[in-house]
Amino acid sequence: MRSLGVLCVGGLQTHQENHAAGFDADQRSHIVAVADEVDIDDRRRALNIRLAEQYDVPYIEGIEKALALPGIDIVSMCADVERRHRVVAACAAAGKIMYLDKPLAANAGRASEVLQAITKSNVTSQMYSFVHTAWAKAAKECVESGRMGKLLSVHADILFAKGPGGTVTGNTPRRETAEPTKFTFVESKREFFDLGVYPIGLCLWLADAEPETVSAVTGNYFFDQHVQNDTEDFGAVMMEFAGGVVATATGGRIGWNSHLAGGPHRITIVGELGTERFDAWEPRLEVYSTAESPKLPPPHPQDPMGMWRSTQQAAGIPRKTTYTPLADETRWYGDDITAFMDCLEKGSEPVMTAARALGPSKVVSAAYRSAASGYPEPV
Amino acid sequence: MWRYHSAMPDHPPASAYNARLTDALISAITDGRIGLPRFVRWLDRVDSGGSIEDSLEVGLEACKRAFGSEPVREHRTGDDLLHATIHAVWATGASALISAGPAGGKPGAGPEIMLVGSSGAVYFDGTIGSKPTVASAGDR
């Protein structure tokens, strides 16, 4: 297989930091350029340019201009989610293979537009997800093996123990917006929108279906920054499928001190013959000693929530030392890209295609409606 | 098909175990180490012979104690025989997902709990291979 050229849309302080590293590390791909739309703010442009400098490739202003470069086979898509749908549509129309950041787009309608564009162009696509982690694959094997009998329910939690939690002062309910439009801020982001897509995606993949109805709540439980930006830091959703299967998912950011590792990352499979749990941090060693425990340093001014690898390193956020899981969670991004390149090499279909990734976006949109109305909502 | 059996499980009465467990959770809150309690994930594994309904009730009662009031919103799914889940929301915005399903080959495992507060969290993974040794609610 020849090495495929990758155009990175978006730069530092996006997941492109991880995606670009994955493509750069894989011998079957190489980065050709970094690009974005012309009409972006100066901060985003500067961060994009820094990623291009990191890989010693040109930065191109304008998506059409970038797509005209020779040698581009794949687009790694990390455009801001508010405008992601139109950038994906342009790249898919140019016939490029799409590696997509999650979620597909800002809402279910725009995610449908993304899928339509990709379907029309018949290009291979994959959205980043957790389906290639060892613990998620073990859960899938459990379901497919039938050893739990008929599947009754799936429960998934993906909560990030990052950021200086405990700063929220109120104890009042969040007033949710049925159709949020703004997701990207420096100080915070909509965590259920951004992180909830992981556990919801796992639930739909494990149940191999999409739910009909959801009941959801979002909250401002931990961070004052999220209150100030009117963004939720937590969300929980219950999903009802045809045939009686139920799934529940939580997604959010709970604070650095609220977990001994990266946060609760767990799937529970309930079948008529029993219940099994799959945890990202199991099996593990637990190390306790007189050595001083790592402490969260002052937040990075451009990333107080500790979202991005570059700013985590710049702020000196230490690695937590108590849990030593036998699995290497630092491989999750790399493993997802390896799986994507494997599919391209073999001509097989990725697991989390854009078609499958539409489901989580539909659930998240319905969950916002439910959180706003206080009632279950159809998906 | 999973079926209930009439044989008593080989662990202490569920009521004593759950009462002690709930007391421990409430103590963790009142100790002030996790801030305001905001979310509970209660995932019970019900032994053969046990009741899904009773299990949900125990979980819901624990959440009521944790949040200090009755929920203002409840939505329930599942069947009443093998599995069920309650999504509950309180006036403060706190919420809970309370689920129960078959324990299968792990009798006596009891509930797994995640209680997330505004500045900390409590995790309880059940008995994890050992057997519960709390014989009554008053045992220490």
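Values quoted throughout were computed directly from the atomic coordinates according to the rules given, and no laboratory measurement underlies them. Because the structure is a prediction, the values reported are computed rather than measured. Positions of Cβ are backbone-derived with ideal geometry, glycine not excepted, and every protein chain shown enters the neighbour counts.
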Practice problem: May I ask you to derive the FRET efficiency for residue B:15 and residue A:355 from their Cβ-Cβ distance with R0 = 51 Å, giving the value to the nearest 0.05? | Solution: 0.55
Practice problem: For segment A:106-182, just say rounded, prolate or oblate: build the C-alpha gyration tensor, square-root its eigenvalues into a ≥ b ≥ c, call rounded for a/c under 1.5, and beyond that prolate if a/b exceeds b/c, oblate if not. | Solution: oblate
Quiz item: Taking +1 at the Cβ of each Lys and Arg and -1 at the Cβ of each Asp and Glu, which of A:95, A:68, A:48 sits farthest along the dipole of the protein assembly as shown towards its positive end, judged by Cα position relative to the Cα centre?
Solution: A:48
Quiz item: Taking all pairs of different Cα atoms in segment A:330-379, averaging 1/r and flipping that mean, what Kirkwood radius in angstroms comes out?
Solution: 13.1 Å
Quiz item: Given the protein assembly as shown, what whole percent of its Cα pairs are spread farther than 36 Å?
Solution: 31 percent
Practice problem: Quote the charge dipole size of chain A about the Cα centre in Debye, to the nearest 20; the model charges only the Cβ of Lys and Arg (+1) and of Asp and Glu (-1). | Solution: 60 debye
Quiz prompt | Per principal axis, descending, Cα span of segment A:252-379 in whole Å | solution = 51, 46, 41
Self-check item: Percent of alpha-carbon pairs separated by more than 16 Å within segment A:1-46
Solution: 40 percent
Exercise. Could you tell me which of the pairs A:189/B:64; A:162/B:106; A:102/A:137; A:137/A:346; A:137/A:189; A:102/A:182 are separated by over 26 angstrom between their Cα atoms in the structure shown?
Key: A:189/B:64; A:162/B:106; A:137/A:189
Quiz item: So which residue, out of A:276, A:141, A:292, gets the largest mean-square fluctuation from a GNM of chain A using Cα contacts under 10 Å as springs?
Solution: A:292
Quiz prompt | Translational D in µm²/s for segment A:160-315 (Stokes-Einstein at 37 °C, 0.692 mPa s, Kirkwood Rh from C-alpha pairs) | solution = 189 µm²/s
Exercise. Enumerate the helices in chain A for which the Kyte-Doolittle hydropathy averages -1.0 or more and the C-alpha atoms extend at least 27 Å along the helix's axis, using complete DSSP H runs.
Key: A:354-373
Self-check item: Restricting segment A:1-85 to trypsin sites (Lys or Arg not before Pro) in coil, as DSSP defines it, with at most 11 other Cβ within 10 Å
Solution: A:2
Quiz prompt | Shape category assigned to segment A:44-98 from the gyration tensor of Cα positions, a/c cut at 1.5 | solution = oblate
Quiz item: Quick one: Karplus J couplings for segment B:44-50, per residue in order, coefficients 6.51, -1.76, 1.60, θ = phi - 60°, nearest Hz, x for Gly and Pro?
Solution: 8, 10, 8, 5, 4, x, x
Self-check item: Signed unit charges on C-beta, dipole axis of the protein assembly as shown, positive-most listed residue B:104, A:19, A:290
Solution: A:290
Quiz item: Rounded, prolate or oblate: which fits segment A:11-137, taking a ≥ b ≥ c as square roots of the Cα gyration tensor eigenvalues, rounded meaning a/c under 1.5, else prolate when a/b beats b/c?
Solution: rounded
Exercise. Any chance you could check the Cα centroid distance between segment A:167-193 and segment A:28-96 for me, in angstrom?
Key: 28 Å
Quiz prompt | Nitroxide proxy distance, nm - points 7 Å out along Cα→Cβ at residue A:69 and residue A:342 | solution = 2.9 nm
Quiz item: Which listed residue (B:69, A:207, B:34) has the Cα farthest towards the positive end of the charge dipole for the protein assembly as shown, taking +1 on Lys and Arg C-beta and -1 on Asp and Glu C-beta about the Cα centre?
Solution: B:34
